[in-house]
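Read the structure below first, then the notes.
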Amino acid sequence: MADDGRVRRGRGRPTQISRERIVDAAFAAENLDALTMRDLAARLGVTHSALYWWVRDRDELFDLVNEVMIERVLGAAGTRSPRRWRSWLAAVGWAMHDQYLAAPGYATHLSRPHRHTPGAFERMRGEMVAAFIDAGVGDELAEQSWYIFISSMVGWLAGHENPLQLGAAEPRFDLFLEALLRGLPAREPRAPRPARGG
C-alpha cells in the first residue's frame with residue numbers, strides 16, 4: 001500500500017477513484033458484510049477492472065474500511081489519559097457503537113474469522129493495552145483485557161445487527177458497556193476454596 005493508504009498497481013490507474021470514494025461507497029452500502037466487488041464498482045460508476053487498480057479483493061477493501069473505522073473510533077474517543085483510563089474506554093465503546101452500527105454489516109463481518117488490517121489493528125490494540133496498563137495491571141493481563149473488551153464489543157454489536165427473538169426487551173448498550181467495564185481490567189482468578197470434609 002502507498003503511504004496515503006491507496007493500493008497502487010502501476011501506471012495508468014484510473015484517476016476518478018480515490019481511497020475516500022471507495023470507503024464512502026462501501027459505507028453507503030445497505031449491508032457491508034454482503035457487499036461484492038462488482039456491487040462496489042457499480043456504486044462507484046466504474047468497471048470491476050478499474051476498481052482492481054485500487055483494491056484487489058474484499059480483503060483489501062476491508063483493509064481500507066478498517067483503517068478509516070479505527071481512525072473514526074479513536075478520533076471520537078479523544079486522547080487517552082492515564083488517570084482517565086475508564087472514561088476513555090467508555091468513550092471508545094460508545095464510538096464503536098455509533099460508528100459500527102452506522103455501517104450495517106460491519107460488526108457482523110468482524111464477528112467472523114477474518115484477516116486483520118495490521119497497521120490499524122495494531123494501533124487500536126496498542127492504545128487499549130496501554131489503557132489497561134494505566135489501570136494497574138501487567139502486560140499479560142492488559143492483553144487479556146483488550147481481547148475481552150474487543151471480542152465482547154464486536155459480539156454485542158453483531159448480535160444487535162442479527163437479533164435473536166428471545167422475548168426480551170431490546171438489549172441496552174449502556175447496561176452492557178457498564179457491566180463490561182466494571183469487570184475490567186481482568187484480574188487473576190482467586191483459587192477455589194477446598195471442599196469441606198475432603
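The values are calculated or read from the model by the stated rules, or taken from the named source; none is laboratory data. Just so you know, these numbers come straight off a predicted model, no measurement behind them. Because the Cβ atoms are built from the backbone with ideal geometry, glycine has one as well, and the counts that use them run over all protein chains shown.
Taking the conditions (1) part of a helix (DSSP H, G or I); (2) under 15 Å from residue 73 (Cα atoms); (3) small (Gly, Ala, Ser) in turn, residue 158 satisfies each one other than (2). Can you find even one residue in the stretch 4-19 that is at pLDDT below 95, buried (at least 17 other Cβ atoms within 10 Å of the Cβ) and part of a helix (DSSP H, G or I)? Checking the stretch 4-19: at least one residue is at pLDDT below 95, buried (at least 17 other Cβ atoms within 10 Å of the Cβ) and part of a helix (DSSP H, G or I).
Considering the stretch 60-145, the qualifying helices (runs of 4 or more DSSP H), each wholly inside and each with 2 or more residues that are among the aromatic types (Phe, Trp, Tyr) and either free of Cβ contacts under 8 Å to residues at least 24 places away in the same chain or more than 25 Å from residue 29 (Cα to Cα) (or both), run over 85-101.
Selection of the stretch 114-141 for residues being surrounded by fewer than 18 Cβ atoms within 10 Å (Cβ to Cβ), under 22 Å from residue 57 (Cβ atoms) and not acidic (Asp, Glu) yields 114, 115, 116, 118, 119, 121. The single condition among (1) more than 19 Å from the chain's Cα centre (by Cα); (2) of a type outside the set (Val, Ile, Thr); (3) at pLDDT 90 or above that residue 165 does not satisfy is (3). Per the listing 180, 175, the residue uniquely assigned to a helix (DSSP H, G or I) and loosely packed, with under 10 Cβ neighbours inside 10 Å is 175. Just to be sure before I move on: is residue 74 surrounded by 22 or more Cβ atoms within 10 Å (Cβ to Cβ) and of a type in the set (A, V, I, L, M, F, W, C) in the structure I sent? It is false that residue 74 is surrounded by 22 or more Cβ atoms within 10 Å (Cβ to Cβ) and of a type in the set (A, V, I, L, M, F, W, C).
Okay, residues lined up against (1) in contact with a Phe, Trp or Tyr (Cβ under 6 Å, 6 or more places away or on another chain); (2) among the β-branched types (Val, Ile, Thr):
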position: 107; (1), (2): yes, no
position: 117; (1), (2): no, yes
position: 127; (1), (2): no, no
position: 136; (1), (2): no, no
position: 159; (1), (2): no, no
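Each residue in the stretch 44-59 was checked for being touching a helix residue (DSSP H, G or I) at 6+ places or on another chain (Cβ under 9 Å) and at positive phi, and 0 pass.
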